[in-house]
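To start, the structure under review is shown below, and the notes come after it.
The values are calculated or read from the model by the stated rules, or taken from the named source; none is laboratory data. Please read all numbers here as calculations on a predicted model, not as lab measurements. Methodologically, a virtual Cβ is constructed for each residue, glycine included, from the backbone with ideal geometry; neighbour enumeration extends over all protein chains shown. With ligands, DNA and RNA removed, areas are computed over all heavy atoms of the protein, side chains included. Shrake-Rupley method; radii C 1.70, N 1.55, O 1.52, S 1.80 Å.
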Amino acid sequence: LKSKQQSSKSYLKQTSSSAFQPISTIKNLSSNSINRKSKLKSQPLMIDIPTHKPLERGQKFTKVHISHPQSPSIVHIMLKEDFTRACHLLNKMSAHPELQPDDKSIHLFKPEINHICACCHEGRWFRCRILQISSDISTATVNYLDWGMVIPVQIEPTYIRCLPNEFYVEPACSILCHLDGVPTSNDLIPSCVIAQCIHLLSENEYEVIVNDYDNVTGGKIILSIDGQIINNQIEKLISPYKLMSFEEELIGQFQYELKLSVGDKFKALLSSFGGKDDSFYVLVINENTAAIDRAMSELQEDHIPNREYLQVPQIKTLVVARYVDDKKYYRAWVKSVDIQQEQALIFFVDFGNESYVSFSDIYVCPESVRTLPWLGIRVRLTNETMTAQELTTFWKLTEAHYIWIHINDVFKDAYGVQVQLDYTVYLQQERLKMATSKRSIHKAIQTIADEKVIFPRNSSERNSSLLTPTKPDQSVMGNENFLRDIFEMINSELRSLRHRINGTDEASQDRHIQIMQLLFSIVNANNSNNRKKIVN
């Protein structure tokens, strides 16, 4: 009995040498029973690891650790007690018999997606969940449940094994959180900026305020250290590369446009329309805009001998870019960049149109014109919505002609306007259409008359026709005179009809169509008779 008690005391003495060794309730157990239990290998059950206790809005924590900065806007945090539990687990797992490198009873672990396992990384064992398995079953991508990392591991006993049952009890030690107010990162953010953000997330301890929590997406937090809010510092670093929606872009651009007030009335020219909605861009004509336009002359090559080109333009910055059609330079806003193609999508701020421009045709905007208002003003009709076809018709009617706009409202992204047109513009275009139509009719009649060809009747005439120009037959000339007389007669009839007919416009148009059909029937009949005479 004394020898058994001495064995038990010696075992307890060994286990108490480290604060992170597993605690075993082995009182009243014999040394033989302990040795027998150490030889038994635990069989993992198909159970899951409990999730972390949810955070609550308004909670405040100190001495918070960031276990893994996944991106500038997403982090995995550990509360003070979580960090202690995670360190305790590392020590327990490193000392566990089933996770020793010399364990001879190791059998090959067969991984399955979403199953729990133990993975070895840099000499330490971690609790993990399998997310993906390669097609050749050589590697598995796993999520480190207590720390947040996602790392691929080789499917070998050295790196991945069954997790012993006793390590399923503790909840996960880290919590997924989003930095409130920091936009989601994207591929446009340079690696050097990412490195600066990660450096801000690499301090030892932080203060945390919980703004919101969701069981799926995690918490929304404010991170600070020594009174400085980390969220604001990171947001400032990556905001130039933030991807914006179409509506956000328009709101952001509108703040730089020329400031107008409700009740203002201006003479303007249509500049462009994109077709994405019923808005369009106009250029206001007054002394202020004329002065700004004159200032733009210094953007051309002759005025800037030492221009500063941009290797990679930053989105949401004002630059000077060359327009492909006229090869001239204009102020432009960078909407997006394609590093592989070495080009950027440019919005020309003084006109309202967009174009892709090569990096080599983009340079820094001079300070002398950087702060001047944008001349391209985005407007839409007040209380009216135009379809794409209606907008195209409106554009054709007023293109290259002055219009008057009256400011009725100021929206978040545009001005609501009433447009006034000069009716003489409409009359001129209608007259131009009529003149074009008449020229088409005359050209068609002349083409029919010109198609008459005189063929030689015999071989001698064929030979002579090759040597001398053919003289037209007198009968044919008489027919042409007859056609000319017919055409004049019909024109006279049309002129008289305009004065005599008092019916509707529809009746007048029907009468006009009947007379034109009569004319072409006479022409066709006469052509057929001429061909018969020639053949005979």
Q: Give the residues of the range 202-223 that are modelled with pLDDT of 95 or more and of a type in the set (A, V, I, L, M), sorted by residue number.
A: Val208, Ile209, Val210, Ile221, Ile222, Leu223
Q.
As an exercise: evaluate Ala321 against (1) open to solvent by 20 Å² or more (accessible area, probe 1.4 Å); (2) in contact with an Asp or Glu (Cβ under 9 Å, 6 or more places away or on another chain); (3) aliphatic (A, V, I, L, M); (4) assigned by the TED database to the domain that holds Ser358 and give the number of the one condition it does not meet.
A. (1)
Q | Some residue of the range 73-87 being part of a loop (DSSP other than H, G, I, E, B) and either in the same structural domain as Val216 (by the TED database) or at pLDDT 50 or above (or both) | A | yes
Q: With the checklist (1) at negative phi; (2) modelled with pLDDT of 85 or more; (3) open to solvent by less than 70 Å² (accessible area, probe 1.4 Å) in hand, flag the one item Ser245 doesn't pass.
A: (2)
(Q) Kindly evaluate Val369 against the criterion of being in contact with a helix residue (DSSP H, G or I) (Cβ under 9 Å, 6 or more places away or on another chain) and either farther than 18 Å from Phe246 by Cβ or crowded, with 20+ Cβ neighbours inside 10 Å (or both). (A) yes
Q. Which of the residues belonging to the range 292-318 are at pLDDT 80 or above and either open to solvent by 90 Å² or more (accessible area, probe 1.4 Å) or part of a strand (DSSP E or B) (or both)?
A. Asp293, Arg294, Leu318
**Q.** Qualifying strands (runs of 3 or more DSSP E) (wholly inside the range 129-182; at least 3 residues being open to solvent by less than 20 Å² (accessible area, probe 1.4 Å))
**A.** 139-144, 175-179
**Q.** Residues being of a type in the set (Ser, Thr, Tyr), at pLDDT 85 or above and closer than 30 Å to Glu287 by Cβ - total across the range 358-381
**A.** 2
Q | Subset tally (residues that are of a type in the set (A, V, I, L, M) and touching a strand residue (DSSP E or B) at 6+ places or on another chain (Cβ under 8 Å)) for the range 373-399 | A | 5
Q) How many residues does the range 240-264 hold that are within 26 Å of Val312 (Cβ to Cβ) and among the small types (Gly, Ala, Ser)? A) 2
Q) What do you reckon, is Val216 without any contact (Cβ under 8 Å) to a residue 60 or more places away in the chain, surrounded by fewer than 19 Cβ atoms within 10 Å (Cβ to Cβ) and under 26 Å from Ile189 (Cβ atoms)? A) yes
Q: Go over the candidates Ser191, Ser185, Ser202, Ser261 one by one and state the one that is among the polar types (S, T, N, Q) and surrounded by 17 or more Cβ atoms within 10 Å (Cβ to Cβ).
A: Ser185
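What residue, of Lys316, Lys396, is within 21 Å of the chain's Cα centre (by Cα) and of a type outside the set (Val, Ile, Thr)?
Numbers: Lys396 fails: within 21 Å of the chain's Cα centre (by Cα).
When all the criteria are applied, what remains is Lys316.
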Q) In the range 223-239, which residues are touching a residue at least 24 places away in the same chain (Cβ under 8 Å) and open to solvent by less than 40 Å² (accessible area, probe 1.4 Å)? A) Leu223, Ile230, Asn231, Ile234, Ile238, Ser239
